[in-house]
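Chemist: Let me begin by handing over the structure; questions about it come next.
Coordinate-derived values only; no laboratory data. Small disclaimer: the values here were computed from a predicted structure and weren't measured. For neighbour counting, all protein chains shown are included, and Cβ atoms are generated from backbone atoms with ideal geometry for every residue, glycine included.
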Amino acid sequence: MEKNAQNDEKITKNLGKIHHTIIVMSGKGGVGKSTVAVNLAYGLAQKKHIVGLLDSDFHGPTIPKILGIEDKKPTATATGFNPITVTPYLKVMSMGFFLSDTDSPVIWRGPMKMGAIKQFIGDVDWGELDYLIVDLPPGTGDEPLSIAQLIPHSDGAVIVTTPQDVALVSVRKSINFVKRMNMPVIGIIENMSGLTCPHCHKTIDLFKTGGGLKASMDLSVPFLGTIPLDPEIVTTGDTGIPFLKEQASTAAGKSFHAIVEKIEHMVQHRS
């Protein structure tokens, strides 16, 4: 009982140093949620905000790979662990840093995941943060529920989707989950929204288009924007370079920056 009280106190103390918390969710896998979370965090860091990025996808932690920091290990402190520093403005914590190798599965039930999330919030020495970006696994299971309970006063959730109907069905479930948890919905991002042909320069709607905007209108939540398909997003993710570090001037890079600006404006004006 005493240990739980100490853990709760550490969580409260750490959250008190974080000005804004943004939860990144998706109703299903394969929509580029972690890529969006990484570039949202990196875009805010480029604006000289101090940003923490918490990878709470324990079964498939991809953020260390996307950022090229798979070989890093958090160092122990007197009170817990230091997060991995990517830039002077961006810090990261992920289960991926604690696995013996990238092929090691994490076979945990709900209570163990809840305990790990508590440690990642309370035992990590995040310091003062302008933003904490929390990347959740797909769906509305243990991890989203744990985060909603542990961070009841977050700025809200960003829902990532692709335009096709099968993804949008899951988006509606995510938004209803967020609302049921009394968490604000910051808005919807439509990822993989059109591919520009390199030969004729026309847009090819591989996964349809406009579905995210329609969902936002149907559910009365903000629409944050679209991110077009760009092969360089895949290339940079595989080589461990944040897309916005080298591709900020592309159409997808400009879309990311516009979304970062919109989220920053919305969150700061809600405070």
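Chemist: Highest first, please rank the peptides 135-142, 257-264, 194-201 by the mean number of other Cβ atoms sitting within 10 Å of their residues.
Modeler: So the peptides 135-142, 257-264, 194-201, ranked by packing, come out 135-142, 257-264, 194-201.
Chemist: For Phe223 and Asp103, what does the FRET efficiency come to when R0 = 35 Å and r is the distance between their Cβ atoms, rounded to the nearest 0.05?
Modeler: Calculated value: 0.35.
Chemist: Multiply the residue separation of Asp165 and Thr75 by 0.36 nm, subtract the distance between their alpha-carbon atoms, and state the gained length in nm to one decimal.
Modeler: Gain on extension, Asp165 to Thr75, equals 28.0 nm.
Chemist: Taking other Cβ within 10 Å of each residue's Cβ, how do Thr62, Thr161 sort, fewest first? List each step's numbers first, then the result.
Modeler: Numbers: Thr62 20, Thr161 30.
With the sparsest Cβ surroundings first, the list reads Thr62, Thr161.
Chemist: Let me ask you something else. Can you give the helix-only mean residue ellipticity at 222 nm for the chain, where every DSSP H stretch with n ≥ 4 adds -39500 (n - 2.57) and the sum goes over all residues, rounded to the nearest 500 deg cm²/dmol? Could the numbers behind the result be given before it?
Modeler: On the way: 10 runs with 113 residues, N = 271.
Taking each H run of at least 4 residues, the total per residue is -12500 deg cm²/dmol.
Chemist: Order these peptides, 30-42, 12-24, by their mean beta-carbon neighbour count within 10 angstrom, highest first.
Modeler: 30-42, 12-24
Chemist: Something else now. Taking the Cα centre of the range 2-270 as origin, work out the dipole magnitude from +1 charges on Lys and Arg Cβ and -1 charges on Asp and Glu Cβ, in debye rounded to 20.
Modeler: 540 debye
Chemist: Structure shown: which of Lys118/Lys214; Lys10/Lys214; Lys72/Lys179; Lys72/Lys173; Lys202/Lys245 lie over 30 Å apart, alpha-carbon to alpha-carbon?
Modeler: In this structure, Lys118/Lys214; Lys10/Lys214; Lys72/Lys179; Lys72/Lys173 lie more than 30 Å apart at Cα.
Chemist: Using the Cα gyration tensor of the range 2-270, with a ≥ b ≥ c the square roots of its eigenvalues, what is the shape: rounded (a/c below 1.5), prolate (a/b larger than b/c) or oblate (neither)?
Modeler: prolate
Chemist: Among the helices of the chain (complete DSSP H runs), which have Cα atoms covering no less than 15 Å along the helix axis and a Kyte-Doolittle mean of at least 0.5?
Modeler: 33-46
Chemist: Now for a different question. Please check which bits of the range 6-36 a label hung off Asp238 would reach, taking the label as a point 7 Å along Cα-to-C-beta and the cut-off as backbone N under 20 Å.
Modeler: Only 30-36 pass the distance filter.
Chemist: Could you give me the ³J(HN,Hα) list for the range 24-31, computed from phi with Karplus coefficients 6.51, -1.76, 1.60 and θ = phi - 60°, whole Hz, x at Gly and Pro?
Modeler: 9, 10, 8, x, 8, x, x, 9
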